[in-house]
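Read-outs: derived from the displayed coordinates by stated rules, not from any lab. What you see is a predicted model, and the numbers here were worked out from it, not measured in a lab. Here the Cβ positions follow ideal geometry from the backbone for every residue, glycine too, while neighbour counts run over all protein chains shown.
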Amino acid sequence: MNMLSRRAVTVGAAVAGLGLALGLAGAAVGQAAAGTASQVESDSASGPGPQDRKSQSAVGDVAPTENTGRVIAKGPGYSIVATSPGSGSKASSSPETKVTDAPLQTLHQPIVCQGQRVLRIDNRNIRFDGNAITAEDGCELHIINSRISAGGIAVFARDASVHIENSEIEGRKASIDAAGGAQIYAETSTFKGAARRLGTAAIHDLGNNAWD
């Protein structure tokens with residue numbers, strides 16, 4: 001009888017110990033699960049991961065672009081088309097115009113272009129004592145990337161066509177004096193002195209000019 005009682009006590013103690021061990025293991029598993037859930041909630045609240053943010057940035061950084069151009073007016077016997085300096089990216093600003101780095105040259109007599117001929121003045125820096133340049137009777141004059149300074153009239157045109165681009169024209173009496181059927185086309189240039197026209201002469205401002 002005593003032997004059976006002891007065995008019963010021993011078995012009961014073993015069962016109790018097993019139950020305690022199982023209870024501790026269950027508690028550990030529950031804590032681990034709770035910690036994992038907490039970590040998942042924390043990651044969700046902190047926002048998208050690096051890969052997600054990279055994808056969102058790639059989409060958000062795409063911006064539309066636009067290209068615009070400018071068609072310049074036609075003159076008698078001429079058709080001029082140019083692209084506006086402001087076309088392309090809006091972030092780009094108009095650069096400072098560089099006219100010429102040519103050395104200064106002083107002339108005491110004017111340059112004269114007469115008849116059906118073409119005169120091109122390119123990358124020149126000339127100072128005149130009196131009148132500077134005369135174009136008449138069908139002459140076609142081109143002044144490009146140049147600086148012309150005159151003690152009298154800088155450009156005198158009569159029944160001629162004059163094209164001035166990226167230049168500085170200065171005349172103490174007048175920067176331009178157009179008469180007859182003269183046609184003056186000016187673009188991206190600076191004029192200091194009066195700009196006069198008589199009769200059917202016309203001065204065409206093609207844009208980006210400064211008139212003083």
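Worth pointing out:
- Ile126 meets the conditions (1) in contact with a Ser or Thr (Cβ under 9 Å, 6 or more places away or on another chain); (2) among the hydrophobic types (A, V, I, L, M, F, W, C); (3) surrounded by fewer than 18 Cβ atoms within 10 Å (Cβ to Cβ) in every case but one. The failed one is (3).
- Taking the criterion of being in a loop (DSSP other than H, G, I, E, B) and of a type in the set (Ser, Thr, Tyr), the residues of region 116-168 that qualify are Ser146, Ser167.
- For region 181-190, the criterion of being at positive phi, out of contact with any helix residue (DSSP H, G or I) (no Cβ under 6 Å at 6 or more places or on another chain) and not hydroxyl-bearing (Ser, Thr, Tyr) is met by none of the residues.
- Among the residues of region 169-212, those identified as more than 32 Å from the chain's Cα centre (by Cα) and part of a loop (DSSP other than H, G, I, E, B) are Arg172, Lys173, Gly180, Gly181, Ala182, Ala194, Leu198, Gly199, Thr200, Ala201.
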